[in-house]
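Readers should treat all values here as calculations from the given coordinates under stated rules, not as data from a laboratory. Just so it is clear, the model here is predicted, and its values are computed rather than measured. Quick reminder, even Gly has a Cβ in these numbers, built from the backbone with ideal geometry, and neighbours come from all protein chains shown.
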Amino acid sequence: MAHKPNDWLRGLWYLAARATDVKAGRVISKQLLSEPILIGRTAAGKLFAIRDVCPHRGIPLSKGTFDGEAVTCCFHGWRFGPDGRCLEIPSLAPDRKVRLDRIRAPDYACLESQGLLWIFFPKHTAKTDTKDIPPAPFFNGFPEDAAPQIFGTVSYPCHADNAAYNLMDPAHAAFIHGSWWWRRKQSRLILKEKILEPAERGWRIARHKVARHNRAYRLLGRDVTSEITYHLPGLRIEEIRGDKHVVFGLSAVTPVSEHASEVTQCFYSDLPWLHWLSPVGRHFIKKFLSQDRAVAVLSDQPQIENFRPIHIPDADIQARYYAQLQAAWRRASDGKAAFHNPVRRQVVRWYS
Ligand code: FES
Ligand SMILES: [Fe+2]
């Protein structure tokens with residue numbers, strides 16, 4: 001399906017990396033929403049994100065060096081602070097004046113929360129006032145310094161919309177995700193009935209009993225239920241509770257470019273031993289997501305012109321709402337209308 005170039009949803013937080021990916025005194029370079037970004041942490045531990053482009057000649061700042069306080073461009077040695085401001089131009093003679101405070105690499109609001117790094121992409125290129133920035137996703141019941149016990153990221157060579165679609169598509173699991181620990185491929189489909197209701201910037205599948213065939217749920221005790229929330233820009237948060245324990249699962253889709261995206265899956269829980277399963281968990285996340293990736297890539301065929309997907313009731317209702325939410329968010333970002341959530345509360349039924 002053809003996507004408009006650089007038509008990313010803005011005015012939102014995007015998951016950029018795991019907090020431990022950016023050590024003190026180090027920088028990493030990432031492309032997100034088609035923008036090259038240098039993400040770093042000063043020697044004192046302060047997180048920052050600036051455009052990975054030197055304002056002098058456009059060379060990536062990530063090709064230079066970082067001494068824990070400032071980035072030095074590899075070409076002419078201009079130095080930039082963590083807020084992107086130019087601090088020094090080595091070739092400038094003392095009697096030649098340049099307003100250094102007017103030279104800067106644009107910076108991004110960024111934060112570290114519960115072991116994840118988030119970057120805010122403002123609606124306009126100008127930086128948004130911090131007071132106008134909504135809070136980043138937070139898992140209630142877990143402290144600020146909690147970290148995901150299991151974490152995995154998979155790169156998809158396709159548009160983020162194609163990657164996000166699988167997160168809200170209940171009908172593919174029986175055909176794509178077959179494994180001994182989840183469910184047998186194409187096992188008997190079961191009629192599901194759930195309540196779908198509006199949530200902030202998305203929708204929620206109200207708390208419901210989980211499928212008994214999944215053995216992993218038994219770790220949480222009895223009467224295990226799940227509540228699933230989807231938010232723009234591409235976040236799915238599932239809270240699974242039993243009578244003994246709780247697990248939060250976050251799935252996050254981050255656009256890289258028009259033909260690439262990252263999908264992260266991570267889990268927080270009060271099962272103290274869960275982090276011991278981290279290597280095994282990462283293996284299953286990668287296996288699970290690579291099954292999704294295979295079909296996401298096949299469905300991302302921009303050369304097929306005038307293709308319009310068919311949305312059937314009720315298995316595709318979330319995909320339809322996702323498209324409507326995106327359109328409503330874009331209209332609101334353009335200042336054409338206030339953001340209106342099109343989701344209405346209803347009972348939904350499908351076989352999956
Ligand atoms: S290109 Fe960066 S200092 Fe010249
Ligand atoms: Fe899937």
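Sum up the charges of everything whose Cβ sits under 10 Å from the Cβ of Arg349, counting Lys and Arg as +1 and Asp and Glu as -1, but leave Arg349 out.
Result for the neighbourhood of Arg349: 0.
Highest mean first, what order results for 4-10, 264-270 on Cβ atoms within 10 Å?
Highest-to-lowest ranking by the protection proxy: 264-270, 4-10.
What shape does region 12-132 take by its C-alpha gyration tensor, where a ≥ b ≥ c are the square roots of the eigenvalues and a/c under 1.5 counts as rounded, a/b above b/c as prolate, and the rest as oblate?
Here region 12-132 falls in the prolate category.
How far is helix 317-333 tilted off the main Cα axis of the chain, in degrees rounded to 10, range 0 to 90?
Once rounded, the angle reads 30 degrees.
Run the quick spin-label model on Leu219 and Asp83: label points 7 Å from Cα toward the beta carbon, then report their separation in nm to one decimal.
A separation of 4.5 nm, rounded to one decimal place.
For region 104-178, what class follows from the C-alpha gyration tensor (a ≥ b ≥ c being the square roots of its eigenvalues): rounded when a/c is under 1.5, otherwise prolate if a/b is larger than b/c, else oblate?
Oblate.
Using per-residue counts of other Cβ atoms within 10 Å, averaged over each peptide, order 294-306, 142-154 from highest down.
Details: 294-306: 13.4, 142-154: 17.1.
Put in order of decreasing packing, that is 142-154, 294-306.
In degrees, nearest 10, range 0 to 90: what is the angle between the Cα axis of helix 278-298 and the longest Cα principal axis of the chain?
Between helix and principal axis, roughly 90 degrees.
Would you kindly state how much longer the chain becomes between Arg349 and Trp276 on full extension, computed as 0.36 nm times their sequence separation minus their alpha carbon distance, in nm to one decimal?
Gain on stretching Arg349 to Trp276: 22.5 nm.
Two decimals is fine: what is log10 I(q)/I(0) at q = 0.12 Å⁻¹ for the chain, from a Debye sum with one equal scatterer on every Cα and no solvent?
Debye curve over Cα of the chain, log10 I(q)/I(0) at q = 0.12 Å⁻¹: -0.94.
Going 7 Å from the Cα of Lys123 along its beta-carbon direction, which residues of region 2-20 have the amide nitrogen within less than 18 Å of the resulting point?
Label zone hits: 7-14.
Sort 81-88, 56-63 by packing, meaning the average of other beta carbons within 10 Å per residue, with the highest value first.
Packing proxy ranking, top to bottom: 81-88, 56-63.
Restrict the search to region 217-301; then list the trypsin sites (Lys or Arg not before Pro) that DSSP places in a loop and that have at most 11 other Cβ atoms within 10 Å of their Cβ.
Arg222
When the dipole is taken about the Cα centre of region 28-67, and only Lys, Arg (+1) and Asp, Glu (-1) are charged at their Cβ, what size is it in debye, to the nearest 20?
20 debye
Taking θ = phi - 60°, what integer Hz values does the Karplus form 6.51 cos²θ - 1.76 cosθ + 1.60 yield along region 227-240, in sequence order, with x for Gly and Pro?
For region 227-240, the Karplus curve yields 10, 10, 10, 10, 10, 5, x, x, 10, 10, 10, 10, 10, 10 Hz.
Pull up all non-local amide H partners of Ala199: gap of 5 or more, or a different chain, and H-to-H distance under 5 Å with H placed in the peptide plane.
Answer set, sorted by chain and number: Arg204.
In whole Hz, with x marking every Gly and Pro, tabulate ³J(HN,Hα) for region 166-172 from phi via Karplus 6.51 cos²θ - 1.76 cosθ + 1.60, θ = phi - 60°.
Going residue by residue, I get 5, 5, 10, 10, x, 7, 8 Hz, with x marking Gly and Pro.
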